[in-house]
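The values are calculated or read from the model by the stated rules, or taken from the named source; none is laboratory data. It should be emphasised that the depicted structure is a prediction, and the values quoted were computed from it without experimental measurement. Positions of Cβ are backbone-derived with ideal geometry, glycine not excepted, and every protein chain shown enters the neighbour counts.
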Amino acid sequence: MTTNILLQLLGLFLAIIGMVGLVRTRHFVKIVDEIEHSPFDMFLLSILRTVVGLVFVLGHNAWSGTLEILVSSFGWLILATGIVGLLFPEQVLKHIPAFSKHPMRVRSWLMISFVAGVALAMLGFGLVG
């Protein structure tokens, strides 16, 4: 997979999640809160993260330029969070209330997701730098 396609994919995904979460913050917080009470949901999310991380790592493990390093780092980070969620689900679930019980913290992360997503998508589509 090429760097630009993965930047587009990552960017659009983060921008969409950020935008939807900002528009429907209560719904988003409720979903995150429900994950706290569902080890099965946590398990499925961890499997999904592991698979997506493996796709990134196996399909794009390039460390030659700035954008390549950025994409490869995201892949390894996604893979690592998936594996941590599989190995230590109880510890991960303990940290969810610290996030979901503070709507401003949730909104801040969603805004960061949206802005980072737009920036990554713009890089991927060649609109900047």
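Quick notes on this one:
- Residue under evaluation Met104, criteria (1) at pLDDT 95 or above; (2) loosely packed, with under 12 Cβ neighbours inside 10 Å, criterion not met: (1)
- Qualifying helices (runs of 4 or more DSSP H) (wholly inside the range 1-120; at least 2 residues being touching a residue at least 60 places away in the same chain (Cβ under 8 Å) and not small (Gly, Ala, Ser)): 3-23, 25-36, 66-87, 89-100
- Qualifying residue in the range 35-42 (condition: loosely packed, with under 15 Cβ neighbours inside 10 Å and under 15 Å from the mean Cα position of the chain (by Cα)): no
- Evaluation of Gly53 against the conditions (1) over 15 Å from Val106 (Cα atoms); (2) at pLDDT 95 or above; (3) loosely packed, with under 13 Cβ neighbours inside 10 Å shows that the sole unmet condition is (3).
- Gly21 being of a type in the set (Gly, Ala, Ser), modelled with pLDDT under 95 and surrounded by fewer than 18 Cβ atoms within 10 Å (Cβ to Cβ): no
- When Leu127 is tested against the conditions (1) closer than 16 Å to Leu9 by Cα; (2) exposed (fewer than 15 other Cβ atoms within 10 Å of the Cβ); (3) touching a residue at least 60 places away in the same chain (Cβ under 8 Å); (4) not charged (D, E, K, R), the lone failure is (3).
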